[in-house]
Amino acid sequence: MKLYEWSETLCVRIEAIDNEHKLIYDKINDLSLSLSKGEPERVLGQTLQDLITLTSEHFATEEQLFEKYTYTDATQHIAEHNKFRKKMEALLIIYRDGRYALSVDTIHYLKDWITIHIKSYDMAYASYISKKINISA
Ligand SMILES: [Fe+2]
Ligand SMILES: [Fe+2]
């Protein structure tokens, strides 16, 4: 069973973006499952790395959209992405050094950050960009 269920309330109504958000959710579920099954550190570390890669690629997709549609609040949004990028990188470094064991709390934190970010920052740019797409269609 998935710990974190995707919900319609998280849809930003831009298909490519919703698909990427779902993949990130799936990866957080994989991480949670690996932890609860007591999988080896090697597996957990790889899943954490995959989550970071997926999230970084997703942020890049969004940032390209901001540029394409000259999104007015891009600077603040990108600053939020950068804060999270730094947190994830720091997490991976201390995890790889063996100074930190992945916990349920950390996985909750990652899931909560993504969820709150989608509901606030991503919804805002999606609504702005959707209007521009409709105007130019
Ligand atoms: Fe997003
Ligand atoms: Fe975002």
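Quick look at the values:
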read-out: Given (1) under 13 Å from Asp122 (Cα atoms); (2) among the β-branched types (Val, Ile, Thr); (3) modelled with pLDDT of 95 or more, number of the condition Ile24 does not satisfy; value: (1)
read-out: Residues of the stretch 34-53 satisfying the condition of being in a helix (DSSP H, G or I) and of a type in the set (Asp, Glu); value: Glu41, Asp50
read-out: Meets criteria (part of a helix (DSSP H, G or I), hydroxyl-bearing (Ser, Thr, Tyr) and either loosely packed, with under 13 Cβ neighbours inside 10 Å or at positive phi (or both)) for Thr70; value: no
read-out: Top-ranked residue of the stretch 99-127 - restricted to ones that are at pLDDT below 95 and aromatic (Phe, Trp, Tyr), ranked as nearest to ligand 2 (Cβ to nearest atom); value: Tyr109
read-out: Ala90 vs. criteria of a type in the set (A, V, I, L, M, F, W, C), assigned to a helix (DSSP H, G or I), out of contact with any Leu (no Cβ under 8 Å at 6 or more places or on another chain) and within 16 Å of ligand 2 (Cβ to nearest atom); value: no
read-out: Options Glu63, Glu39; residue that is without any contact (Cβ under 8 Å) to a residue 24 or more places away in the chain, of a type in the set (D, E, K, R) and under 20 Å from His117 (Cα atoms); value: Glu63
read-out: Where Ala60 falls short, out of the listed (1) exposed (fewer than 14 other Cβ atoms within 10 Å of the Cβ); (2) closer than 18 Å to Ser127 by Cβ; (3) small (Gly, Ala, Ser); value: (2)
read-out: Flag for Gly98 being within 23 Å of Glu5 (Cα to Cα), assigned to a loop (DSSP other than H, G, I, E, B) and more than 16 Å from ligand 1 (Cβ to nearest atom); value: no
read-out: Search result, residues across the stretch 10-33 that are touching a residue at least 24 places away in the same chain (Cβ under 8 Å), of a type in the set (Lys, Arg) and assigned to a helix (DSSP H, G or I); value: Lys27
read-out: Lys131, sole failed condition from (1) among the charged types (D, E, K, R); (2) within 16 Å of ligand 2 (Cβ to nearest atom); (3) closer than 19 Å to Val12 by Cα; value: (2)
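Each row is one residue, and each column tells you yes or no for (1) closer than 21 Å to Leu44 by Cβ; (2) touching a residue at least 12 places away in the same chain (Cβ under 8 Å); (3) surrounded by 14 or more Cβ atoms within 10 Å (Cβ to Cβ).
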| site | (1), (2), (3) |
| --- | --- |
| His77 | no, yes, yes |
| Glu80 | no, yes, yes |
| Leu91 | yes, yes, yes |
| Gly98 | yes, no, no |
| Val104 | yes, yes, no |
| Ile107 | yes, yes, yes |
| Asp112 | yes, no, no |
| His117 | no, yes, yes |
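Here is a yes/no grid of residues against (1) under 16 Å from the mean Cα position of the chain (by Cα); (2) of a type in the set (Ser, Thr, Tyr); (3) within 14 Å of ligand 2 (Cβ to nearest atom):
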| residue | (1), (2), (3) |
| --- | --- |
| Glu15 | yes, no, no |
| Ile28 | yes, no, no |
| Pro40 | no, no, no |
| Thr61 | yes, yes, yes |
| Phe66 | no, no, yes |
| Thr70 | no, yes, no |
| Asp73 | no, no, yes |
| Ile78 | yes, no, yes |
| Asn82 | yes, no, yes |
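The values are calculated or read from the model by the stated rules, or taken from the named source; none is laboratory data. Keep in mind that this is a model prediction, so the values were computed, not measured. Cβ: placed from backbone, ideal geometry, glycine included. Neighbour counts: every protein chain shown.
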